[in-house]
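Participant: Have a look at this one.
The values are calculated or read from the model by the stated rules, or taken from the named source; none is laboratory data. A quick note: this is a predicted structure, and the numbers were derived from the prediction, not measured. Heads up, the Cβs are rebuilt from the backbone with ideal geometry, glycines too, and the neighbour counts pull from every protein chain shown.
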Amino acid sequence: MGNDDPASKIIAAALEEFSEKGFRAATIRDICAKAGVNLAAVNYYFGDKKKLYSAVFKQAHISAHDAYPMPQWEADESPESRLRDFIRVSLLRMRSKTDTSACHRLMMREFAQPTGVVEELVEEFFRPHHKLLVSILQEIVGPHVQEFRLHQLAFSLIGQCLFYRFNQPVLHMLVPQEMLDEHFGTEDLAEYIYRFVLAALQHGGWDLPLESQALAPDSAEKSVKGNH
């Protein structure tokens, strides 16, 4: 869709209305007025209000995915290389201009007052993305790591990426602007997260129960005394 066609205008107007008012309070009349189209246009292009709402969510993800697609890896590409690419592309998508504050507000509203559209997003976008990440992680940590641990590792990685997407105001309060400009760009952060995660994957002993890796109380006490 081009930016000037009626469907695109409706999507843009609906994003603003839904993010400001929520699905239930936003009206087709206000959306059409903001888009500069007649009332029948929503039914013509989208069917109804619920389908328009779903289309708004999907369009934001489609735009980011189209702008930053995953590479087409060669068959012999190492899992470490694919992990680096995965993190970089994920960060680029999260910090892209298509992922605006309005998109953020809309997602937060959906979590607070669910309509069911998140389930569609999970199946169409999130699940394939997560499945790809889990498969890469499993190649790195080996076949003996349990499935639940792979999910935890994947969520930890994505959590780091999301931090830099949603906590920009806090970062600007804590870190000098000059340092942010020099060291907190998307490429720098992607490389940092990759190295951090790879080190954890390679040295975490993820095929063992976490309890077996914890120091026993007497061992911990000896360790502390040995440092004095």
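Participant: The conditions are (1) under 23 Å from the mean Cα position of the chain (by Cα); (2) modelled with pLDDT of 95 or more; (3) assigned by TED's automatic domain parsing to the domain that holds residue 127, and residue 65 fails exactly one of them. Which is it?
Facilitator: (2)
Participant: What's the number of the condition residue 52 fails, among (1) modelled with pLDDT under 95; (2) of a type outside the set (Val, Ile, Thr); (3) surrounded by 16 or more Cβ atoms within 10 Å (Cβ to Cβ); (4) over 26 Å from residue 145 (Cα atoms)?
Facilitator: All conditions pass for residue 52, except number (1).
Participant: Looking at residue 53, is it aromatic (Phe, Trp, Tyr) and assigned by TED's automatic domain parsing to the domain that holds residue 116?
Facilitator: no
Participant: Here's another thing I want to ask about it. Check segment 98-111 and report whether any residue there is modelled with pLDDT of 90 or more, in the same structural domain as residue 63 (by TED's automatic domain parsing) and not charged (D, E, K, R).
Facilitator: No, segment 98-111 contains no residue that is modelled with pLDDT of 90 or more, in the same structural domain as residue 63 (by TED's automatic domain parsing) and not charged (D, E, K, R).
Participant: Still on this structure, I have one more. List pairs: first residue in segment 203-214 and modelled with pLDDT under 80, second residue surrounded by 10 or more Cβ atoms within 10 Å (Cβ to Cβ) anywhere in the structure, Cβ distance under 7 angstrom, at least six positions apart or on different chains.
Facilitator: From residues that are modelled with pLDDT under 80, the pairs are 213/205.
Participant: Looking at segment 68-138, what helices (runs of 4 or more DSSP H) fall wholly within it and have at least 1 residues that are farther than 30 Å from residue 26 by Cα and small (Gly, Ala, Ser)?
Facilitator: Correct list: 79-94.
Participant: In addition: Residues being closer than 14 Å to residue 166 by Cα and either modelled with pLDDT under 85 or among the charged types (D, E, K, R) (or both): count how many of those fall in segment 74-97.
Facilitator: So the answer is 4.
Participant: For segment 8-27, how many residues meet the condition of being touching a residue at least 24 places away in the same chain (Cβ under 8 Å) and crowded, with 19+ Cβ neighbours inside 10 Å?
Facilitator: The total comes to 9.
Participant: Which of the residues that make up segment 56-87 are touching a Leu at 6+ places or on another chain (Cβ under 9 Å) and farther than 20 Å from residue 14 by Cβ?
Facilitator: Correct list: 67, 68, 70, 79, 80, 82, 83, 84, 86, 87.
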